[in-house]
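Presented below is the structure to which this report refers.
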Amino acid sequence: MSRGHRRFAARRGDLPLTAEINVTSLIDVAFTLLVIFIITAPALTGGLEVNLPEARTQPLTVSDDSFIVALDAAGVIYIGETPVTREEFPAALDRLMDVAGARDIFLKADEAALYGAAAWLLGHLNEAARERGGRVGLVAEPEMRR
């Protein structure tokens, strides 16, 4: 017998080798990533946090060609998530709406915002939307049923 054949013959009594993948560690990693994504997903949602007033509302249908303008409690105006001053707001809104081809605008105002600032902002939004044949909508929390 050749030497290589003897080695093979000596191993015949051993347990057979199996080529299997140990998936236990793979499952551990997958579940760990799942937990991480579940925890971090709420933090990734964009938008400005404001206390919206409660009102009788309909579901909001926002299309790709619409803007959301926000007014926080301190009176700071945001186009998307970018803060702008009152002086630069009308020109910035017109430029951004023209570039994006937007028609509809939604106002998301904090319930603690001053009425005068919200009314001023709503006037400018109405004018910008009317010029483009769009509409202005107010964003509010649904009123709790009692």
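Nothing in this text is a laboratory measurement; each read-out follows from the coordinates by a stated rule. Here the structure is a predicted model, which is why all the values come from computation and not from measurement. Here the Cβ positions follow ideal geometry from the backbone for every residue, glycine too, while neighbour counts run over all protein chains shown.
Highest average first, the peptides 113-119, 81-87, 70-76 ordered by how many other beta carbon atoms sit within 10 Å of their residues are 70-76, 113-119, 81-87. With the largest listed first and rounded to whole Å, the semi-axes of the equivalent ellipsoid of the range 70-140 from the Cα gyration tensor are 19, 13, 10. A simple spin-label model places the labels of VAL76 and ARG95 2.0 nm from each other, with each point 7 Å out along Cα-to-Cβ.
Given R0 = 41 Å, the distance between the Cβ atoms of GLU131 and THR40 translates into a calculated FRET efficiency of 0.50.
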